[in-house]
Structure formats: C-alpha cells, structure tokens
Amino acid sequence: MSDIIPLSGVEAFDLETDVLVAGLGGAGASAALEARRAGAAVTVLESSSGGGGSTQMSACEMYLGGGTRLQRDLGIADSPDNFYNYLKACFGDNCDENRLRLFCDGAVEHFDWAESLGVPYKRGFYDGRDVVAMTGDSLQYTGNERAWPFVEMAQAAPRGHLPADADHSGGLVFMGHLLERVRESGVNILCDARITALVQDEQKRVVGAAARIDNRQVLIRAHRGVVLCTGGFIMNEAMTRKHLPTLDGIATRHGNPGDRGDGIRLGQAAGGNLINMGEAFVGIAHYPPAQLTYGIFVNEQGQRFINEDVYLARLGHYATQQSQGRIFMFIDNRHFERPAYLNVDIVAVGETVEEVESESGLPAGNLQHTVDYYNQNAALGQDPLFHKASDWLMPLDEPPYALVSYALDQIRPPVFTLGGLEVQPTGEVLRPDGSTVEGLFAAGRTVAGIPRTSAGYASGMSVADVTFFGRLAGRQAAAQS
C-alpha cells in the first residue's frame, strides 16, 4: 500500500477523531494527554500491545535545568540562560535555536508537570560519577557539565532528574504514571494498531490516516491533525545502512522494536523534510567504576584523543573518528578494574610501558611518549592537551600496566538515531522550502530534536525532549480548526 492515500480515493472513514496520535511512548503519550486536556477528542494508535516505547525502557533521567523545583530544593544554582549556554555549547551550530530557547525557558514548568503526574522525585543529590545513581536520589550529573570545554562555557549544574528509588527502572515509573493520566483523560487507545499511510486532500493537507488493526485496514479521519510519535529508525536496517553506514555493522541497536522509522517515512511521503539523518547516539561505557576515569584512552597510533572525564556518548563520538574505530585504555595496576558488563579484552600487560607497547604492536615509542607526557603533567595537576579535571589526574606509574581494547567492532556500542523530520518547535512538520505540511505534526525521536549529536549528549536529554515537545505538538494539533 502507498504511504499516501488521496482523500478522493476514500469512500468512507471507519473512525473519526479530532487529533490522531501515532505512538504511545513518551512523546505520543504526552501529546495525547495535552491534546485531550485542551478539549480535543483524541485517538492513539500503538503498534505494540501496550504503551511505553523507548522511554519506558530507559532509566528516565529527565534532563532539565534552569532552576527546577528539585534543583532549588537541593540548593543547586542554575538559570534558563545558564542552561541555554550549556546546551548551545553541546550542539553548536547543529541546533534549532528557537527550539532550544523555548525548551530552556520552559524546563522549570516541565518538571512541575512531571511531578503533577504523580511521578515521585526524592530531594536527594548524588554527586558521584555513575551513569545512573543507585542511591535512590533524584538529582545527578548525567553529561559533560564538569568536563572541558563545557566548564568554560557554562556554570556546571546537575540536571538529571530521576524518579525516586527507581535505579535503572525510572522509565517504568514515569510511564506508569503518564499512561495512567492518559487513560483517565478519556483518550481512545488502540493497541496492536500500526499506522501504514496518511490521507491527504487535494491541497496536500493531512486529514487522516490508515492503520492495520486486526489484520484489516482501518481508515481514521482526523479533523484537527495527525501527530507522528513513532520513534526513531534504529531497528530499520535498510535505513541505518543508508544513513548510518559506518555504524550499521557494529551497533547494538538500542531502542524498542517499534523504532522502525514509520513516522519518518510517512512524514517524508507527505512532503516533510528530513534532517540530521547521519547522526546517532554512540555509547562507550568507560565507567562505572569511576576509578577507570584515571586511565587514558589512545588510538592505534598510541595517541590520546579525548579527556577521559567526559560522558560516555562524547567518548563514543570521538571513538568513531579514530582509524578503524580502534581505541584502547591504558591504565596502571592502582586503578585497573574489569567490570563484568564490559566486553573488553586485555591486549597487553607489562612491567613497563615499553613492554606493553611492544606486545600490543603499537608504533614504537608513541605510547611511551604519550604516557611520559601525561604523567609529567598529571603530577602537576594539569592536562595541557585535553584539560581533564584535576580530580581525575594522577600519574599512571604503578606497574603492572595494561592496555585494554575498546574497539567498536568488539564492544558493539549501543546506538540510537538522532535524525528525522524537520519540525517547528510546536510540532508542525516542515517541507524542504520551509512551509508546513498542513495537518501534520511530529515529536520524539521521529524528529530531529534538541540532542543532535553524540558529542554533546547527556543521559535524559531524549526523555526531556520528547515529552516537552510532545506536549507542545499535542496542544498545537488540538488548537487547529
């Protein structure tokens, strides 16, 4: 079946609604709830047997700043401008500044909205270096806030907002409350219902959609708009081969089975523009334990290429730029640990750096020079090349030494996509010429949102982005005549 059905070819619709939302993950549930609260009749199509999406699978460290109630209650200083400066530093020219400004100015209210759903947030701050705080606390650092060069561009502040006492299951807690509010609001939820086409009238306005339900086509009229929230495309191998060829063969596909690019494909068929399709999150878990941060990463030339106190996605971004994706951690006996969750091999061990270098086959002299230079400066509490924070600077001088492989084709890092439809901050899908596809909205990883590169990513950015802009898209669709 074609991705587009002309209205002239529709004899009758099987269902009618004001706003039709495709997808019931973080973005779709937020869009549906806000559209319903705005007075619209709302129907949701969910391709799986229940809602939740990738948001439910996440730890849900919602990345918010600017002085949220949680930050203020814990005495953390932040402001919308400081939050904006940090995110602008993260994504540089690869961002929609209007979208970024709207998000930073609205983040405080968005946290209040999350709490109003019933999601519990404990007034506790975890100051350690971990991907997810396992202490029950609800505020932690989840990105590059304390790492160079970001410390020169914005005041560091913790912005990862975790549901209380949830550990890695925060997404279950958050989506449990959000979905309950959606059900209470009277939204019509149709599960095992996959959107397959959009209906457009003669003026190319989207006026409805087709879905596969109970093994038959169901046509649904949407009087005010269709909102596409079907996730990214990491589970669509044809799309990843096309748009992410260097990652396609080595990625651990990170997402839910519905991340097939349905909404992206349908939006493009309706005239929408695709942007940022070559960008993705790439995560290399070089912590916990935090002590591994004392080690240094080198490429196959035996040279450092990053400050090791960065967030795991920034390391992943720069690892993909090294020849053949081959990177190694050099570390001494004082700091070495080999966590069970890491699929890494020890390439070489020696009582001297020269022995390690020789056994590993790295170019003669390069690793020795790298370690000597690093140790000399670390002893002085400085890192002239990459400015690793002094907290993580210590000479690597306690043998035996190890060189551990983090080669991308070996560790197969988790990857999910960051490209999709180009939209207005309020969700209207844009054509290549900048005009809007009337009647069509999108949010979540179906669009290119706030996080657009792995280099600037922080845990919780997607959850914050998809729920914040899902809400806006739902309200905007409901406001149409």
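The residue pairs whose first member lies in segment 191-206 and is in contact (Cβ under 8 Å) with a residue 12 or more places away in the chain and among the hydroxyl-bearing types (Ser, Thr, Tyr), whose second member is open to solvent by 60 Å² or more (accessible area, probe 1.4 Å) and outside any loop (DSSP other than H, G, I, E, B), and whose beta carbons are closer than 7 Å, counting only pairs six or more residues apart or on different chains, are Thr196/Arg212. Cys95 satisfies every condition listed in (1) part of a loop (DSSP other than H, G, I, E, B); (2) open to solvent by 30 Å² or more (accessible area, probe 1.4 Å) except (2). Residues in segment 288-318 that are under 18 Å from Gln382 (Cβ atoms) and hydroxyl-bearing (Ser, Thr, Tyr): Thr293, Tyr294. The set of residues from segment 382-404 being among the hydroxyl-bearing types (Ser, Thr, Tyr) and over 29 Å from the mean Cα position of the chain (by Cα) comprises just one member, Tyr401. Based on this model, can you work out whether Ser54 counts as of a type in the set (S, T, N, Q), over 25 Å from Gly171 (Cβ atoms) and either in contact with a His (Cβ under 9 Å, 6 or more places away or on another chain) or surrounded by fewer than 24 Cβ atoms within 10 Å (Cβ to Cβ) (or both)? So Ser54 does not fit the description; no.
For segment 362-382, the criterion of a residue being over 19 Å from Arg304 (Cβ atoms) and among the small types (Gly, Ala, Ser) is satisfied by no position.
Pairing residues of segment 10-33 that are closer than 18 Å to His223 by Cβ with residues that are among the β-branched types (Val, Ile, Thr) and assigned to a helix (DSSP H, G or I), at Cβ distances under 9 Å and at least 6 apart in sequence or on separate chains, gives Ala22/Thr446; Ala32/Val182.
Please verify whether segment 224-234 includes one or more residues that are among the hydroxyl-bearing types (Ser, Thr, Tyr), outside any helix (DSSP H, G or I), within 30 Å of Pro6 (Cβ to Cβ) and open to solvent by 10 Å² or more (accessible area, probe 1.4 Å). Looking for residues that are among the hydroxyl-bearing types (Ser, Thr, Tyr), outside any helix (DSSP H, G or I), within 30 Å of Pro6 (Cβ to Cβ) and open to solvent by 10 Å² or more (accessible area, probe 1.4 Å), one finds at least one in segment 224-234, hence yes.
If the condition is being open to solvent by 10 Å² or more (accessible area, probe 1.4 Å) and without any contact (Cβ under 8 Å) to a residue 60 or more places away in the chain, then segment 127-150 contributes Asp127, Met134, Thr135, Asp137, Tyr141. Is at least one residue of segment 323-333 under 22 Å from Leu408 (Cβ atoms) and open to solvent by 70 Å² or more (accessible area, probe 1.4 Å)? Checked against the condition, which is being under 22 Å from Leu408 (Cβ atoms) and open to solvent by 70 Å² or more (accessible area, probe 1.4 Å), segment 323-333 yields at least one hit. Confirm whether Ala89 is open to solvent by less than 10 Å² (accessible area, probe 1.4 Å) and assigned to a helix (DSSP H, G or I). The answer is no for Ala89.
The values are calculated or read from the model by the stated rules, or taken from the named source; none is laboratory data. Please read all numbers here as calculations on a predicted model, not as lab measurements. Note: ideal-geometry Cβ built from the backbone for every residue, glycine included; neighbour counts use all protein chains shown. Just so you know, the surface numbers come from the protein's heavy atoms only, side chains and all, with ligands and any DNA or RNA stripped out. Shrake-Rupley method; radii C 1.70, N 1.55, O 1.52, S 1.80 Å.
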